[in-house]
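The values are calculated or read from the model by the stated rules, or taken from the named source; none is laboratory data. What you see is a predicted model, and the numbers here were worked out from it, not measured in a lab. Backbone-built Cβ (ideal geometry, glycine too); neighbour counts: all protein chains shown. Keep in mind that these areas ignore ligands, DNA and RNA; they rest on the heavy atoms of the full protein, side chains included. Shrake-Rupley method; radii C 1.70, N 1.55, O 1.52, S 1.80 Å.
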Amino acid sequence: MAAHATNALANLKVKDPEAVKASAAAAQANGNGTNHEAEDSDDDEDDNKATGEGGGDGAAKKKRKRKRKPKKAGGAASLATKQSSPPRVLLSNLYPSGEYPVGQEVEYRDENIYRTTSEEKRAIDRANNDFLQEYRYGAEVHRQVRQWAAQNIKPGQSLTEIAEGIEDAVRALTGHQGLEDGDNIKGGVAFPTGVNLDHIAAHYSPNAGNKTLLAKENVMKVDFGVHVNGRIVDSAFTMSFDPMYDNLLTAVKEATNTGIKEAGIDVRMGDIGAAIQETMESYECEINGTSYPIKAIRNLNGHDIQQWKIHGGKSVPIVKSNDQTKMEEGEVFAIETFGSTGNGYVRDDYETSHYAKRQDAPKSRPALASAQKLLGVINKNFGTLPFCRRYLDRLGQEKYLLGLNQLVQQGYVEDYPPLVDKKGSYTAQFEHTILLRPNVKEVVSRGDDY
């Protein structure tokens, strides 16, 4: 999720959440092992009971004990050995040991090379096992969901169908449907799914009633997050259906990989940005016979991630700068880069969907009753995690826009409008989450796809 924020709001009709609840119940039954097959009764008797007929000395036939069938435990979910399509199998059922796949581990360089073999650093790392398993759980959910999405997203689908398909899968695999107070804070969707087309670089998620369809000519950035106990995995990729855009996607993917390579403990942010820009702007892309230089979008950045906070406070620029801020041991970063065939600069436009409660929100209560009620819903269901209008609709909230507007205006909630370059341009994004462990750098969200 891009590090950027301003104001823009609009109104949209709220939908009935009953169908959502029914779908959640179905996913719960499939993923969490709540279906149990019928078992044979302990009191079964043989059908051929003794009748006493023809017994000259009164002896009756003995009852034959029927061999009981072994009871089946766990139902269909316990038998799952691979993920379903669409993804609905709870991930912990696929990894009963509680140990999840390790991301790409990269040794530190230069003055930090000693960390690789330092027994002290290894001991500190081992003490962080719970932290690592939570991150790896979320990362494996992200990999399975995005790989399914990349294989199944096709032109003609609505952006709402695409976004909700991803979110439903994340909820099923984490086991957090988010319909009860506090459940989404424990785990599940970390922020609204961005489905950003063409010149829209970030923060576009459909609101209720959105009818936009994906077209073959579109370049779509898919940006979604998974969290387990507030450990947020933030990763994004770009899709296109025309090889004409391949150079744009390659430039941005390679720029992100450059940023990951350069990132590390004690590395200065400005140096990372310079390396990213050099890689990205070495490419150009020919679109419909015209060649365009690919520009790094200079007012979008990567960022550090803290528990339940998608933007922790540090920024990772994607262009050269004099920022002397250093990365530090134990920090988590989203290394994301954006490239454009346009101006290489974004502004706010279109209807807002993304919101998040501010860290410095006032302690006093809002004046408007509807704003007070809505703030309570936000606190119970999202805390400081970003949310969108569709998530409020899903919780059964109605006529909340006046209250939401007041929460934004009075500083309780921050709004994040879509960020766009000039119309007619194309933008791309790739992003990974990295853990600066004491002894090694782990690209926790790395997969076979990117």
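Could you please find all residues in the range 354-366 being free of Cβ contacts under 8 Å to residues at least 60 places away in the same chain and within 22 Å of Arg389 (Cβ to Cβ)?
Lys357, Arg358, Gln359, Ala361, Pro366
Pro206 satisfies every condition listed in (1) in a strand (DSSP E or B); (2) touching a residue at least 40 places away in the same chain (Cβ under 8 Å); (3) crowded, with 24+ Cβ neighbours inside 10 Å except (1). Filtering Lys186, Lys216 for residues that are more than 24 Å from Glu442 (Cβ to Cβ) and either crowded, with 24+ Cβ neighbours inside 10 Å or of a type in the set (Lys, Arg) (or both) leaves a single hit, Lys216.
The set of residues from the range 357-403 being farther than 22 Å from Val189 by Cα and in contact with a strand residue (DSSP E or B) (Cβ under 9 Å, 6 or more places away or on another chain) comprises just one member, Ala361.
May I ask you to verify whether Gln429 is in contact (Cβ under 8 Å) with a residue 40 or more places away in the chain and more than 26 Å from Gln307 (Cα to Cα)? No, not satisfied.
Step by step: first the residues of the range 354-380, then only those that are of a type in the set (Lys, Arg) and not in a strand (DSSP E or B), then the one that is farthest from Gly411 (Cα to Cα). Which residue is that? Ranking the qualifying residues of the range 354-380, first place goes to Lys380.
Among the numbered conditions (1) surrounded by fewer than 17 Cβ atoms within 10 Å (Cβ to Cβ); (2) in contact with a strand residue (DSSP E or B) (Cβ under 6 Å, 6 or more places away or on another chain); (3) part of a loop (DSSP other than H, G, I, E, B), the only one that Gly312 does not meet is (1).
From the list Glu351, Glu414, Glu336, the lone residue that is in contact (Cβ under 8 Å) with a residue 60 or more places away in the chain, among the acidic types (Asp, Glu) and assigned to a loop (DSSP other than H, G, I, E, B) is Glu351. Residues being open to solvent by 50 Å² or more (accessible area, probe 1.4 Å) and touching a strand residue (DSSP E or B) at 6+ places or on another chain (Cβ under 7 Å) are represented in the range 254-267 by at least one member. Among the helices (runs of 4 or more DSSP H) confined to the range 50-137, the ones with at least 1 residues that are modelled with pLDDT of 95 or more, surrounded by 13 or more Cβ atoms within 10 Å (Cβ to Cβ) and touching a Leu at 6+ places or on another chain (Cβ under 7 Å) are located at 91-94. Checked against the criterion of being surrounded by 17 or more Cβ atoms within 10 Å (Cβ to Cβ) and in contact with a Pro (Cβ under 6 Å, 6 or more places away or on another chain), the range 283-298 has no qualifying residue. Is one or more of the residues making up the range 357-371 surrounded by 23 or more Cβ atoms within 10 Å (Cβ to Cβ), farther than 27 Å from Asp130 by Cβ and of a type in the set (A, V, I, L, M, F, W, C)? Scanning the range 357-371, I find at least one residue that is surrounded by 23 or more Cβ atoms within 10 Å (Cβ to Cβ), farther than 27 Å from Asp130 by Cβ and of a type in the set (A, V, I, L, M, F, W, C), so the answer is yes. For the range 383-406, a residue qualifies if it is in contact with a helix residue (DSSP H, G or I) (Cβ under 7 Å, 6 or more places away or on another chain) and either open to solvent by 10 Å² or more (accessible area, probe 1.4 Å) or farther than 21 Å from Pro206 by Cα (or both), and the qualifying residues are Gly383, Arg394, Leu395, Gln397, Tyr400, Leu402, Gln406. Quickly run through the range 333-353 and pick out the residues that are open to solvent by 40 Å² or more (accessible area, probe 1.4 Å) and either under 20 Å from Asp415 (Cα atoms) or in contact with a helix residue (DSSP H, G or I) (Cβ under 6 Å, 6 or more places away or on another chain) (or both). Of everything in the range 333-353, those that are open to solvent by 40 Å² or more (accessible area, probe 1.4 Å) and either under 20 Å from Asp415 (Cα atoms) or in contact with a helix residue (DSSP H, G or I) (Cβ under 6 Å, 6 or more places away or on another chain) (or both) turn out to be Tyr345, Arg347, Asp348, Asp349, Tyr350, Glu351.
Return yes when Gly302 is surrounded by fewer than 23 Cβ atoms within 10 Å (Cβ to Cβ), small (Gly, Ala, Ser) and either in contact with a Pro (Cβ under 8 Å, 6 or more places away or on another chain) or not in a helix (DSSP H, G or I) (or both) and no when it is not. It is false that Gly302 is surrounded by fewer than 23 Cβ atoms within 10 Å (Cβ to Cβ), small (Gly, Ala, Ser) and either in contact with a Pro (Cβ under 8 Å, 6 or more places away or on another chain) or not in a helix (DSSP H, G or I) (or both).
Can you find even one residue in the range 270-284 that is in a helix (DSSP H, G or I) and among the polar types (S, T, N, Q)?
Yes, the range 270-284 contains a residue that is in a helix (DSSP H, G or I) and among the polar types (S, T, N, Q).
Being within 18 Å of Pro418 (Cβ to Cβ), modelled with pLDDT of 95 or more and among the β-branched types (Val, Ile, Thr) is a property that does not hold for Thr384. Among the residues making up the range 261-296, those that are among the β-branched types (Val, Ile, Thr) and farther than 30 Å from Val440 by Cα are Ile287, Thr290, Ile294.
Among residues of the range 315-332 being out of contact with any Gly (no Cβ under 6 Å at 6 or more places or on another chain) and crowded, with 17+ Cβ neighbours inside 10 Å, the one that is nearest to Gln429 (Cα to Cα) is Ser315.
Pairing residues of the range 120-137 that are closer than 13 Å to Glu442 by Cβ with residues that are loosely packed, with under 15 Cβ neighbours inside 10 Å, at Cβ distances under 8 Å and at least 6 apart in sequence or on separate chains, gives Gln133/Gly98; Gln133/Glu99; Arg136/Pro101; Arg136/Val102. Filtering Asn196, Asn218 for residues that are of a type in the set (S, T, N, Q), closer than 20 Å to Lys295 by Cα and more than 17 Å from the chain's Cα centre (by Cα) leaves a single hit, Asn218.
Among the residues making up the range 227-241, a single one is among the charged types (D, E, K, R) and either open to solvent by 30 Å² or more (accessible area, probe 1.4 Å) or outside any strand (DSSP E or B) (or both): Arg231.
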